[in-house]
1. Could you tell me which numbered condition residue 170 fails, if it satisfies all but one of (1) in contact (Cβ under 8 Å) with a residue 40 or more places away in the chain; (2) under 15 Å from residue 127 (Cα atoms)?
2. Let me spell it out: the conditions are (1) at pLDDT 95 or above; (2) in contact with a strand residue (DSSP E or B) (Cβ under 8 Å, 6 or more places away or on another chain); (3) over 25 Å from residue 134 (Cβ atoms); (4) part of a strand (DSSP E or B), and residue 42 meets all of them except one. Which number is the exception?
3. So, of the residues in segment 45-67 that are at pLDDT 95 or above and of a type outside the set (A, V, I, L, M, F, W, C), which turns out to be nearest to the chain's Cα centre (by Cα)?
4. Within the set of pairs 6 or more residues apart or between chains, which connect a residue that is without any contact (Cβ under 8 Å) to a residue 60 or more places away in the chain and on the phi > 0 side of the Ramachandran plot inside segment 63-88 to a residue that is part of a strand (DSSP E or B) and surrounded by fewer than 19 Cβ atoms within 10 Å (Cβ to Cβ) with Cβ atoms less than 7 Å apart?
5. Would you pick out the residues in segment 79-109 that are part of a strand (DSSP E or B) and either of a type in the set (Asp, Glu) or exposed (fewer than 15 other Cβ atoms within 10 Å of the Cβ) (or both)?
6. Residues to consider are 110, 106, 114, 85; find the one that is modelled with pLDDT under 95 and closer than 25 Å to residue 163 by Cβ.
7. Quick one: how many residues across segment 151-190 are in contact with a His (Cβ under 9 Å, 6 or more places away or on another chain) and either surrounded by fewer than 16 Cβ atoms within 10 Å (Cβ to Cβ) or over 19 Å from residue 58 (Cα atoms) (or both)?
8. Going through segment 169-211 one residue at a time, which ones are acidic (Asp, Glu) and closer than 16 Å to residue 144 by Cα?
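The values are calculated or read from the model by the stated rules, or taken from the named source; none is laboratory data. This one's a predicted model, so the numbers in the text were calculated from it and none came from an experiment. Quick reminder, even Gly has a Cβ in these numbers, built from the backbone with ideal geometry, and neighbours come from all protein chains shown.
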Amino acid sequence: MMKALTLLTALAAATPVVAQQSFAAPEGCEATLTVQHKGCVMINVWQCEADDPGDQWIALLTQAGVFSVQKVDDEFQWLENYKVTGNEELVTPADDPASLTELFETQIDTWDFTIATEEGEERHVGFDMLTGETVEIDGEPLLTTEFQGRTLDGDGNEIEAGSGRQFVSEKHRLFFFGIAWDDATPDDIIDMSPVEFIYPGESGFFSSSPKFECNVIESGF
């Protein structure tokens, strides 16, 4: 359900929130996972004692530094997002909340929710669907999904419509980037698939440096 199209467009123009050589979870929180993706991006994941059970924080990093820090719940609802293009917050209650439970139980989850941004409200409408296939990447079992979604402004005008395929983990209750394209230009495919899953104690855990395809992405920008 994470939309690679919007993300990569924003990454091209953005400056980092923080440019740093190391990364650490905040005090009172436990670092749990690092994932290195294609497209010169990576994520660090942590959980905090003060949060509701199942809540997770995801920091997205580029070679320039931290691009965004997002909080999600155990259904992978986007609760809060702090990023270089502006902060965002979920408007509750959602008309049709995102639900990993529904996805795992019925193989499809529709969603219709609104995000309050600094420029106004954005409505996200679409679905995630399991394909029935399981893949293993770096030893990590992942379910494959297909998604289609639209983003509308406060007046109902379409900002973006995109589709793609992603990965979802029952173990971590997280989505991971896959491939995505704008519905108007389906041949322009963006691939940000995961390459490495890194756990505490392993080399590269909670790194601040993406390592895959960075020269390619930099030349493209």
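1. It is condition (2) that residue 170 fails.
2. The failed condition is (3).
3. Within segment 45-67, the match that is nearest to the chain's Cα centre (by Cα) is 56.
4. Listed pairs, sorted by first residue: 86/117.
5. 80, 88, 89, 91, 92, 93, 95, 96, 108, 109, listed by residue number.
6. Only one candidate qualifies: 85.
7. 2
8. 170, 191
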